[in-house]
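Contents: one structure, followed by commentary.
The values are calculated or read from the model by the stated rules, or taken from the named source; none is laboratory data. Note that the coordinates shown come from a computational prediction; the quantities given were computed from them, not determined experimentally. The protein model used for the area step is the full one, side chains on, heavy atoms only, and it has no ligands, DNA or RNA in it. Shrake-Rupley method; radii C 1.70, N 1.55, O 1.52, S 1.80 Å.
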Amino acid sequence: MYKTPPYLKKGEQDLMLIMKEINENLYNLSTNVLYQKWLPKKALMQFLDYGETQMRVIEKQHKLQVSKIKARTFYSVESVLNLLELHKIK
């Protein structure tokens, strides 16, 4: 549990705890919304148990939608779901 600094008054401690909880909730909300549309490359690699080379091949062969921000790569959840549906065993 998060402890507030002892030099703060009770009201200030309560306010800090409330602010911390709000920040955590906002972070969790934004993370969930982001994951509904885009997956970080490492998360998808871990899910598929694929390495860098395999991911690059899948990306090219199946035309996954990719977004890059500097060194970070993200994949469209919709394109990944389409890929999984395409290879679904009936």
Gain in span if fully extended, residue 71 to residue 56, counting 0.36 nm per residue against the direct Cα distance: 3.9 nm
Rounded accessible area of residue 12 (nearest 10 Å², 1.4 Å probe): 90 Å²
Surface accessible to a 1.4 Å probe, residue 57 within the full protein complex, Å²: 70 Å²
By accessible area with a 1.4 Å probe, ligands and nucleic acids excluded, highest first: order of 56, 72: 72, 56
